[in-house]
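Here the structure comes first, spelled out in structure tokens, and everything after it is commentary.
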Amino acid sequence: MDWPQFAYTYDGSFAGFLTCVFTAYANQEEPACFLTHQEGQAALWPERTVDTDHERAKRVYRSLSPRLGRQGKTLVTYGFLTCLDQRELCLWDFLKLGYAKGPAVTQDLTDPRVAALNKAVLHLTREAHLLKGFTRFSDQGGVLAGEIAPKNRVLPLLRPHFAARYPGEALALYDRTHREALFCQGGKWAIVPLDQFSLNQPGQGELDYRGLWRRFYDTIAIEGRYNPKCRMTHMPKRYWGTMTEFQREDPPPADTHLRQI
């Protein structure tokens with residue numbers, strides 16, 4: 001397609017990106033890059049600001065299954081959650097190719113546009129799978145609260161797992177990297193932007209449970225088979241910062257009178 005190139009600016013949402021796809025085809029334009037309103041970067045191309053239109057976004061979304069097949073639709077929806085560099089541009093290239101070739105496009109892993117997106121989605125799903133086991137929650141006044149620091153936006157993939165695992169609990173899971181939080185309670189859920197999130201100081205009951213968990217973790221270790229490299233292969237070190245078994249509570253401050261003595 002020999003279409004004029006524009007720098008597309010949108011709100012950063014998935015519906016906003018799909019609106020960009022609709023606009024590009026409707027205007028016969030080629031997005032040279034995608035920027036969000038927060039980035040405020042200067043572009044080398046004429047700029048087009050695209051306001052999110054949910055009806056147009058739905059039209060593009062409904063076209064994914066018949067035009068790209070079920071697997072192609074998954075690559076697009078999951079691909080938007082990845083940390084792939086120039087994610088939107090990669091998705092745009094994949095969509096153009098898929099609309100031209102049909103569902104068979106997902107099998108063409110020799111094409112770098114397909115291979116890059118497929119690799120990014122595999123990284124996303126693997127990270128989400130690991131976090132199902134590596135996420136730790138604390139009792140915060142009747143709410144199970146936890147924090148994670150993923151590379152990808154994994155909360156939409158984690159939501160079905162934790163909502164089903166703790167159906168009777170109020171749940172809050174914060175993504176430090178992307179500053180958004182998952183809230184679940186009574187069968188309802190929401191993922192919302194959240195710039196600030198902090199856990200309260202744990203009560204004695206929570207501290208006791210943490211101590212028991214650490215003791216269990218240390219007890220089942222086999223000293224003769226200690227292999228830190230193997231452990232980091234199955235439990236990458238970048239997850240340790242939010243895992244209870246690798247943390248220690250700060251000791252309570254000493255009595256002021258004793259310090260003075």
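Here, each number is a calculation from the coordinates, and none is a lab measurement. Everything numeric here is computed off the predicted structure, so don't read it as measured data. Note: ideal-geometry Cβ built from the backbone for every residue, glycine included; neighbour counts use all protein chains shown.
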- Query: Cα centroids of the stretch 202-230 and the stretch 103-118: how far apart, whole angstrom?
  - Reply: 43 Å
- Note on the structure: A correct fewest-to-most ranking of THR82, THR110 by other Cβ atoms within 10 Å would be THR110, THR82
- Query: Using the Cα atoms of the chain to build a convex hull, what is its mean projected area in square nanometres?
  - Reply: 20.7 nm²
- Message: Amide H of THR177 versus every other amide H placed in the peptide plane: which residues, excluding those fewer than 5 positions away on the same chain, fall under 5 Å?
- Response: none
- Estimated distance in nm for a label pair at ASP111 and ASP53, the labels positioned 7 Å out from Cα along Cα-to-Cβ: 2.7 nm
- Message: How would TYR239, TYR61 line up from fewest to most surrounding beta-carbon atoms within 10 angstrom?
- Response: TYR61, TYR239
- Query: Among bridges DSSP assigns within the stretch 131-246, what percent are antiparallel (round to 5)?
  - Reply: 70 percent
- Overall form of the stretch 52-125 per C-alpha gyration tensor (a/c, 1.5; a/b vs b/c): oblate
- Residue-ordered couplings for the stretch 150-160, obtained by feeding phi - 60° into the Karplus form 6.51 cos²θ - 1.76 cosθ + 1.60 and rounding to whole Hz (Gly and Pro as x), are x, 7, 9, 7, 8, 4, x, 7, 7, 4, x
- Report the extension gain between THR177 and HIS37 in nm, rounded to one decimal, defined as 0.36 nm multiplied by the number of residues separating them, less their alpha carbon distance. 48.5 nm
- Theoretical FRET efficiency, 1/(1+(r/R0)^6), r = Cβ-Cβ of ALA26 and LEU194, R0 35 Å, to 0.05: 0.50
- Note on the structure: For GLU127, GLU180, GLU223, GLU47, ascending order of other Cβ atoms within 10 Å (fewest first) is GLU223, GLU47, GLU180, GLU127
- Residues in the stretch 115-134 that a label on ARG231 would reach, taking backbone N under 17 Å of a point 7 Å out along Cα→Cβ: 134
- Query: Mind listing the phi-derived Karplus ³J(HN,Hα) values for the stretch 97-110, rounded to whole Hz, using 6.51, -1.76 and 1.60 with θ = phi - 60°, and x for any glycine or proline?
  - Reply: 5, x, 5, 7, 9, x, x, 5, 4, 5, 8, 8, 6, 6
- Task: Kindly work out what percent of the DSSP beta bridges joining two residues of the chain are antiparallel, to the nearest 5.
- Result: 50 percent
- If the chain between SER65 and ARG165 were fully stretched, how many nm would it gain, using 0.36 nm times the residue separation less the Cα-Cα distance? 33.0 nm
